[in-house]
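Please read the structure below before turning to the comments.
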Amino acid sequence: MIQSSVAPRAFHVMVKPRGPICNLNCGYCYYLAKEKLYPGSDFRMSDAVLDSFTRQYIEAQQVPEVTFGWQGGEPLLMGIAFFERAIALQEHYKRPGMRIINTLQTNGTLVDEAWGAFFKAHNFLIGLSLDGPQAMHDAYRRDKGGAPTWERVMRARDIFQKYGVEYNILCTVHQANADHPLEVYRFFRDEVGAQFIQFIPIVRRDNDTGYQEGTALTAHSVTAQQYGDFLIGVFDEWVRHDVGQVYVQIFDVALAAWMGQRPGLCIFEPTCGLALAMEHNGDLYACDHFVEPRYRLGNIMETPLVELVASEAQQAFGQAKRDTLPQQCRDCEVRFVCNGGCPKNRIAVTADGEPGLNYLCAGYKAFFTHIDRPMRMMVEELRQRRAPANVMYRLAQEEADLAARFAQARRNDLCPCGSGKKFKYCHGRA
Ligand code: SF4
Ligand code: SF4
């Protein structure tokens, strides 16, 4: 029997109705290899599992809003009828006054008019995987036959716009696009018309198991410095032109942290354990990035979902994120927003040789340090009940003032930029 104090009030399960089955073969995918976990399976969620999960998931949430997250593999391979049934079950089990939200992550290549109409009719929030302009996207996102997919994904975007489907762009950052932050961001903003963008770093272990073991990474993986520079490049453009118009997930998360609120994204929370993953047969795992035998909590057809979520194993998984934080992170000035990042990437060692440092540390540190001042400005605006977008005008004013002071500075004056160097050795250099 579960103690109610142990069961969380709310948690999220990423559901994989088609398991790892996908019509694409993206070079950096971490999930295709999970097929090995279920030899001989048809990889289709049965009606019994869907029904039981829907009931248990809704019953377990002690909040008025419940989000179902569909992912894969490629969830659209289940067909529309499966999702119509899912909606019917949600309607059947939801409590009066409860709001149900469906989110779905897709590679976009199977989206047609019927899907567009369905998503709109049921208010799905879609995550569309797109890695930037054509060449950068097609570098790794190819189908099983090796054919590029960019044009098909852009067609999905057209359909979403035609039907008014709400969508986010999910862009992974890897060797083919990491050095081009402005090109990628401007493409999303100006050509795709995206309002919501997530940038996910590709950090993938290079091993035969597909599990989080070993420290070697694939050649597609982004380096820490590249990721930091990428985020800085995008941020500098966004903070001057697009605040309040374009929403970039990591910038929103950072602003929440600078406001003293919880980041709201598991990667930057102090602990994890409330973002689980469920395979097609009802097997529940600690997290989407730890779908491997030692992190399998059980099966919801045998053990109640809420018991698995509140289990000691899952609590230990969640607490380990904080308990294993190396001293370098504990002492770090940006820990309040970073919290050491996702445990799956903690494969580096600190300057003192302590294990458990995030591989992306240098990038996170550079990025979070770089945005400190504009973040403080936005916090100031919010506390004065003004729009954070005012940061754009403040920065523009500052930059105009500085340009005027540069124009007046003499060669031997201290540089107006505040570097402490003479102007002739700093911004006044020919
Ligand atoms: S392991 Fe990483 S992705 Fe999984 S819940 Fe924790 S922070 Fe989130
Ligand atoms: S920036 Fe680096 S040292 Fe600081 S909390 Fe993040 S991972 Fe740890």
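Would region 197-278 count as rounded, prolate or oblate if I go by the C-alpha gyration tensor, calling it rounded below 1.5 in a/c and otherwise prolate when a/b exceeds b/c, oblate otherwise? Judged from the Cα gyration tensor, region 197-278 comes out oblate (a/c at least 1.5, b/c at or above a/b). Full extension of the segment from residue 44 to residue 419, taken as 0.36 nm per residue of separation minus the current Cα-Cα distance, would add 128.9 nm.
Using the Cα gyration tensor of region 306-348, with a ≥ b ≥ c the square roots of its eigenvalues, what is the shape: rounded (a/c below 1.5), prolate (a/b larger than b/c) or oblate (neither)? Judged from the Cα gyration tensor, region 306-348 comes out prolate (a/c at least 1.5, a/b above b/c). Taking the Cα atoms only, what angle lies between the long axis of helix 249-258 and the longest principal axis of the chain, rounded to 10 degrees? On a 0 to 90 degree scale, this one is about 70. Taking the number of Cβ atoms within 10 Å of each Cβ as an exposure proxy, the fewest-first ranking of 371, 200, 347 is 200, 347, 371. Helix 361-370 versus the longest principal axis of the chain: what is the Cα-based angle in degrees, 0 to 90, to the nearest 10? Taking the Cα atoms of the chain, the angle to 361-370 is about 50 degrees.
Percentage of Cα-Cα pair distances in region 310-430 greater than 21 Å, rounded to whole percent? I get 62 percent for the Cα pairs in region 310-430 exceeding 21 Å. Looking only at the chain, where both bridge partners belong to it, what percent of the DSSP beta bridges are antiparallel (to the nearest 5)? Counting DSSP beta bridges with both partners in the chain, the antiparallel share is about 30 percent. The calculated FRET efficiency for residue 198 paired with residue 261, based on their beta-carbon distance and R0 = 25 Å, is about 0.85. Region 301-329 and region 121-172 have Cα centres lying 34 Å from one another. The sum of -39500 (n - 2.57) across all DSSP H runs of n ≥ 4, divided by the residue count of the chain, sets its helix-only mean residue ellipticity at 222 nm to -11000 deg cm²/dmol.
Of 230, 235, the sequence from fewest to most neighbouring Cβ atoms within 10 angstrom is 235, 230. Annotation for region 124-220: trypsin sites (Lys or Arg not before Pro) lying in DSSP loop with at most 13 further Cβ atoms inside 10 Å of their Cβ are 144. Against the longest principal axis of the chain, how steep is helix 80-93, in degrees 0 to 90 to the nearest 10, with axes from Cα atoms? For helix 80-93, the angle is close to 80 degrees.
For region 1-96, trypsin sites (Lys or Arg not before Pro) are listed when DSSP marks them as loop and at most 10 other Cβ atoms sit within 10 Å of their Cβ; the list is 9.
Within region 300-360, the GluC sites (Glu not before Pro) that combine a DSSP coil assignment with at most 15 other C-beta atoms in a 10 angstrom radius are 302, 333.
Listed from fewest to most Cβ neighbours within 10 Å, the set 284, 382 follows the order 382, 284. Of the cross-linked pairs 120/162; 16/94; 16/162; 34/144, which ones have a Cα-Cα span greater than 18 Å in the structure shown? 16/94; 16/162, as the Cα separations exceed 18 Å there. Among 324, 103, 223, the residue with the largest mean-square fluctuation in a Gaussian network model of the chain, with springs joining Cα atoms closer than 10 Å, is 324.
Modelled spin labels at residue 32 and residue 323, positioned 7 Å past Cα toward Cβ, are 3.7 nm from each other.
Summing charges over all other residues whose Cβ lies under 13 Å from the Cβ of residue 411, with Lys and Arg as +1 and Asp and Glu as -1, gives +4.
In summary, the lysines within cross-link reach of residue 365, defined as a Cα separation below 21 angstrom excluding same-chain residues under 8 places away, comprise 321, 344.
Read-outs throughout are calculated quantities, based only on the coordinates presented, and are distinct from any laboratory measurement. Note that the coordinates shown come from a computational prediction; the quantities given were computed from them, not determined experimentally. Cβ atoms come from the backbone with ideal geometry, glycine included; neighbour counts cover every protein chain shown.
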